Amino acid sequence: MKEEIGFVKANVHRFKILEFLKKENAGIEKISKKLRIRKNYVEKTLKELEDKNLIFREKSIYKITDRGEKVIKEAKMR
């Protein structure tokens, strides 16, 4: 898990998106608008988080995994 924490903390957008998804499930458009991050960057970041199994997608909605919740909790504490 240490690797994932470093991965998330290394990029402010990864951290913000993961933290946002902890509070609510959302699609690319909503994440982009709420966090004021360009849509293409949100898409890239979601793919990175999904590849690390920190989030998953159901149709067009992204949700945080249990592992993602643990990582964001630990990342906040460090």
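One table, with the values for the structure above:
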quantity: Around ASN53: net Lys/Arg minus Asp/Glu count, Cβ-Cβ under 13 Å; calculated: -1
quantity: Helix 39-51 vs. the chain, principal-axis angle (Cα, 0 to 90°, nearest 10); calculated: 40 degrees
quantity: Rg(Cα)/(2.2 N^0.38 Å) for the chain, N = residue count; calculated: 0.97
quantity: Surrounding net charge for GLU24, when Lys and Arg each add one and Asp and Glu each subtract one, Cβ distance under 15 Å; calculated: +4
quantity: Efficiency of FRET from Cβ geometry, LYS23 and GLU74, R₀ 22 Å, rounded to 0.05; calculated: 0.80
quantity: Candidate lysines - alpha carbon under 26 Å from LYS30, same-chain residues fewer than 8 apart omitted; calculated: LYS9, LYS16, LYS22, LYS39, LYS44, LYS47, LYS52, LYS59, LYS63, LYS70, LYS73, LYS76
quantity: Rounded tilt (10° steps) of 66-77 against the dominant C-alpha axis of the chain; calculated: 70 degrees
quantity: Whole-percent carbon and sulfur share, accessible surface of the chain, 1.4 Å; calculated: 47 percent
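The values are calculated or read from the model by the stated rules, or taken from the named source; none is laboratory data. Just so we're clear, the structure is a prediction, and the values are computed from it rather than from any experiment. Note that we place each Cβ from the backbone using ideal geometry, even for glycine, and neighbour counts take in every protein chain shown. All accessible areas refer to the heavy atoms of the entire protein, side chains included, with ligands and DNA or RNA removed. Shrake-Rupley method; radii C 1.70, N 1.55, O 1.52, S 1.80 Å.
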